[in-house]
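Every read-out reported here was derived from the displayed coordinates using simple, explicitly stated rules and does not represent laboratory data. All values derive from a computational prediction rather than experimental measurement. When we count neighbours, we look across all protein chains shown, and the Cβ atoms used for this are built from the backbone with ideal geometry, even at glycine.
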Amino acid sequence: MSQKKEKLLKGMFIFGALFGFMFFGHIVEARAASSDGFRWKYEVGARSVAPAPGRITLWAAQEIKKRSNGRLDIQVYFGTLGYRISNAIRTLGQGLIEGQHVFGDFVAGDLPLLSIMGLPGLIPKNSLALQKKIHETLYPRFAQAALKRNIVLLGGYQAPGRRIFTTKKLNDLSKLKGMVLRAHSPSDVLLTKSVGASPADIAFTETEMAIRRGTVDGIVTQDKGILDLNLVDFVKTCFDIDMGGSMVWFAFSKKAWDTLSPELQEIVREVCEMAMDAGWIITRITTDEIYDKYRKAGMKILDLTEDEKRVIQKGTARAVDDWIRRVGPQGRELVDIVKKMTAAQ
């Protein structure tokens, strides 16, 4: 690892520890911007500062302020502004907020192109170098699609793979049959059905109460979801399924972006790309930390058997074809690019 990246990672972890005391609803308030500068709001969409998106954004906001000599002062919010992750394309496109994280799987309804890397069975989830190379290849297409919706997309990394969490103590995947799981994205719905469970599309903000009341038996999500929902001590079993996670990008409203000088735009672009580049590494490190937290809370973490993997692969096989139909002609081209790159490994 280069000295530059080591320094970057160290800085992010320091910020993670420094702000780790914050409870949900607290805001990281930056100092007042200079009279000739800008003060922006940025919504991470996460209630916990611990996962990679929180650490990365805190570091980036401080670094942008430092490099711009206070001319751009970004206030980072953690799920407190009322802007839903699933509505990020509309929120940013309409200029309702200056910046917000875009999670590819969560915005699949508005911009399905951005969810390709989370499709089940398309990209091996444990191949970091391949995932990153594929993203670098497809990134110009992602950025172009977002710009057409008046959104400036920067950086990008793939979050840890999705998992199935349930409040029941289980020993194998077959025991999920007949249960109800909160599943939001099209891929998550197919995954839920593939194990014999029923999907429930409940708003994320209502999911914690639904799980605690027993309205649903669990949820398909990434680690960040369980942390945000404060359910680590309540969930009993985690199935580490063989599916990639959502892509995550820094994103800004074009309306706000166009008010910046070329110099400030370059500062933001460079810092966001550096931060997201480190995200490919940090997200894996935080996964190890989170698994330790799960085990200490008494949660059982189960890897899938080969037979269980085949059950999921068969049940989610149509996900790619469904995605191509939603995206249109460009979809087939992008899938072919990914398959060719995967086969070359």
Subject >> Percent antiparallel among DSSP beta bridges (both partners in the chain, rounded to 5) >> reply: 50
**OP:** Note the listed values [x] 32, 23, 19; [y] 45, 23, 21; [z] 43, 32, 15, then indicate which one is semi-axes √(5λ) of the Cα gyration tensor in Å calculated from this particular structure.
**Re:** [x]
Original post:
What is the Cα centroid distance between the range 322-345 and the range 114-192, reported in whole angstrom?
Top reply: 15
Original post:
the chain: longest stretch without exposed trypsin sites (Lys or Arg not before Pro) (DSSP loop, at most 14 other Cβ within 10 Å), sites themselves excluded?
Top reply: 178-317
**OP:** Filter the cross-link list Lys132/Lys309; Lys65/Lys296; Lys169/Lys224; Lys133/Lys193; Lys193/Lys300; Lys132/Lys168 down to pairs whose alpha-carbon distance in this structure exceeds 27 Å.
**Re:** Lys65/Lys296; Lys133/Lys193; Lys132/Lys168
Subject >> Ranking of Leu147, Leu176 by count of other Cβ atoms within 10 Å, fewest first >> reply: Leu147, Leu176
Subject >> Alpha carbon centroid spacing (whole Å) that separates the range 78-107 from the range 220-298 >> reply: 15
Original post:
When the helices in the chain are scored as -39500 (n - 2.57) per DSSP H run of 4 or longer and the sum is shared across all residues, what 222 nm value do you end up with, to the nearest 500 deg cm²/dmol?
Top reply: -14500 deg cm²/dmol
**OP:** Assign one of three labels to the range 287-327, namely rounded, prolate or oblate, based on the Cα gyration tensor with a ≥ b ≥ c the square roots of its eigenvalues; rounded applies when a/c is under 1.5, prolate when it is not and a/b is larger than b/c, and oblate otherwise.
**Re:** oblate
Original post:
Label-point separation (nm) for Met341 and Met209, each offset 7 Å from Cα along Cα-to-Cβ?
Top reply: 4.2
**OP:** Based on other C-beta atoms within 10 Å, arrange Ile301, Ile267, Ile281 from fewest to most.
**Re:** Ile301, Ile281, Ile267
